[in-house]
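**Student:** Sharing a structure, written as structure tokens. Questions coming.
The values are calculated or read from the model by the stated rules, or taken from the named source; none is laboratory data. Note that the structure is a prediction, hence the values are computed from the model and not measured. Cβ: placed from backbone, ideal geometry, glycine included. Neighbour counts: every protein chain shown.
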């Protein structure tokens with residue numbers, strides 16, 4: 001009987017401790033929820049400021065870039081930043097957003113196409129065909145080059161397995177001949 005009483009007392013003590021812990025956690029959750037509610041409008045405001053200032057900084061950077069670089073260099077930078085394939089007209093628009101002045105070009109799109117052809121020829125950019133025969137262009141990253149090398153190696157290995165070389169018909173080496181000599185022959 002004494003044993004059951006101690007067990008019941010221990011259970012009640014444990015129950016009270018768990019209830020206090022739950023109250024403490026609920027209080028913490030309430031404080032966290034309140035803090036989250038306070039942070040959300042601040043975050044929204046800061047995101048807006050960052051967008052505005054980011055656009056201003058991007059424009060100023062592009063103006064500085066235009067002063068020190070030409071059409072090809074800005075096209076390179078813009079393609080690297082794009083991460084996705086872009087058409088020639090998209091590239092032109094992105095460059096204009098960066099502040100590039102196309103007013104000195106009689107046909108800006110033709111100039112961009114010329115730059116893109118040179119970048120494709122130098123293997124800095126790849127053509128990504130789209131539906132309807134349209135072309136988009138994407139910067140070739142180091143990872144792309146690495147994957148291409150791996151794919152080439154895998155294709156070479158597969159070709160070698162499908163056409164194995166002739167078995168080695170050379171005579172055994174002197175060392176292997178000596179290993180096969182019995183004690184009587186020595």
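**Student:** Name the single residue that is nearest to residue 118 (Cα to Cα) among those in the range 55-76 being assigned to a helix (DSSP H, G or I) and at pLDDT 75 or above.
**Tutor:** 72
**Student:** Can you tell me which residue among 80, 16, 40 is modelled with pLDDT of 80 or more and out of contact with any strand residue (DSSP E or B) (no Cβ under 7 Å at 6 or more places or on another chain)?
**Tutor:** Selected residue: 16, the only one of 80, 16, 40 that is modelled with pLDDT of 80 or more and out of contact with any strand residue (DSSP E or B) (no Cβ under 7 Å at 6 or more places or on another chain).
**Student:** Just one of (1) at pLDDT 80 or above; (2) under 30 Å from residue 98 (Cα atoms) trips up residue 35, so point out which.
**Tutor:** Condition not satisfied by residue 35: (2).
**Student:** So residue 26 fits all but one of (1) closer than 19 Å to residue 118 by Cα; (2) modelled with pLDDT of 80 or more; what number is the exception?
**Tutor:** Here residue 26 clears every test but (1).
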